[in-house]
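A short write-up of the structure that comes next.
The values are calculated or read from the model by the stated rules, or taken from the named source; none is laboratory data. All of these numbers come straight from a predicted model, not from anything done at the bench. Every residue, glycine among them, receives a Cβ derived from its backbone with ideal geometry; neighbour counts consider all protein chains shown.
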Amino acid sequence: MKDLNQYIRAIGFVLLSLFILAGPPALAAEDNGASSREPILLASTTSEDDVNDPLESVNRWIFAFNEFIQDILFRPVATFYNDTVPEVARTSIGNFLSHISTPVTLANNILQGDPDGAMTTLGRFVVNSTAGIGGLADVASEGGMENRSEDFGQTMGVWGMGEGFYLVLPIFGPSNPRDAIGKFGIDPFFDPIGLYLSNTDKDSLAYTRTGLSGVDQYASVVDELNQVKKTSVDYYAAIRSLYRQKRKSEIVNGDELELPPIPDLDLSYSVTPEDFNQPLAGAQQPTQ
């Protein structure tokens, strides 16, 4: 596991170097007297420069590789999981996995200078740890405390770091240098359970947790992904658009965009294009 952590940190360093070479980050929002966390999503133009995908040929190759892995492994496993595990059990598993990641969200609430978010995160943890039977039930959401996960990629975005160029990571899917560095290089240090498993050489438990998280998240979105794939002329461009829009929404904590879920992102959405006046990346429009 220690070797894996060193490998992940090396990836983060390479991505950071690429990000620096790509140029300075764009500001997430202008300081015009309004809160930096207000919705600022609408909308990118149709210019190809706005897509910011200089590695598109490489990204498409990795995307095709990921699709191959999904077809031979992830989709069959996700389908089996959905067909054999009762919905109430799947919901409880998802709730628990989200619950034990609370320290990552709390740390990023604090780093973002969001005391209200931190208090909500703490409140959710206390309520779900007790009334929610150790996080198996999301009682807090029923009481009005919304579940909103935070990560260091979002934190860097809140403080003005742009997303940089679009990346497709092997297995992990859509990303960018900012989000990849946050996910693999910083957030693991906010995860006490992950640190404990790593430092005590409990690799089997760590891999089990990672695998179960991946299956749970992918199984929750596989049907929607299949639908997007069927209705998109360019599935790669559709996923790229969805990822970028979703991350923008998460960073500003604005109203949730109506987008379908994508791999390793666990919230449900429906389709919205990068340019709100154009179809999503060639997606076919429904007949009226």
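Quick notes
- So residue 62, is it touching a Pro at 6+ places or on another chain (Cβ under 7 Å) and buried (at least 16 other Cβ atoms within 10 Å of the Cβ): yes
- Yes/no for residue 84 being surrounded by 15 or more Cβ atoms within 10 Å (Cβ to Cβ) and modelled with pLDDT of 50 or more: no
- Within segment 167-206, if we keep just the residues that are basic (Lys, Arg) and part of a helix (DSSP H, G or I), the residue that is farthest from residue 236 (Cα to Cα) turns out to be 183.
- The test for being among the charged types (D, E, K, R), surrounded by 15 or more Cβ atoms within 10 Å (Cβ to Cβ) and part of a helix (DSSP H, G or I) holds for residue 209.
- Filter result for residue 72 (farther than 28 Å from residue 150 by Cα, outside any loop (DSSP other than H, G, I, E, B) and modelled with pLDDT of 95 or more): yes
- Neighbours by Cβ (under 8 Å, 6+ apart or cross-chain): first from segment 193-209, more than 20 Å from residue 93 (Cβ to Cβ); second of a type in the set (A, V, I, L, M) and not in a loop (DSSP other than H, G, I, E, B): 198/206; 203/197
- Residue within segment 134-153 that is within 23 Å of residue 186 (Cα to Cα) and in a helix (DSSP H, G or I) present: yes
- Cβ-Cβ distances below 6 Å connect the following pairs, each with a first residue in segment 134-156 that is under 17 Å from residue 94 (Cβ atoms) and surrounded by fewer than 20 Cβ atoms within 10 Å (Cβ to Cβ), a second residue that is aromatic (Phe, Trp, Tyr) and at pLDDT 95 or above, and a separation of six or more residues or different chains: 136/96.
- On inspection, residue 121 qualifies as more than 28 Å from residue 223 (Cβ to Cβ) and either among the basic types (Lys, Arg) or surrounded by 19 or more Cβ atoms within 10 Å (Cβ to Cβ) (or both).
- Look at (1) at pLDDT below 90; (2) surrounded by fewer than 21 Cβ atoms within 10 Å (Cβ to Cβ) and you find that residue 261 fails only one, number (2).
- Identity of the residue in segment 113-133, among the charged types (D, E, K, R) and touching a residue at least 12 places away in the same chain (Cβ under 8 Å), that ends up farthest from residue 157 (Cα to Cα): 124
- Segment 77-112: number of residues that are touching a helix residue (DSSP H, G or I) at 6+ places or on another chain (Cβ under 8 Å) and under 21 Å from residue 154 (Cα atoms): 14
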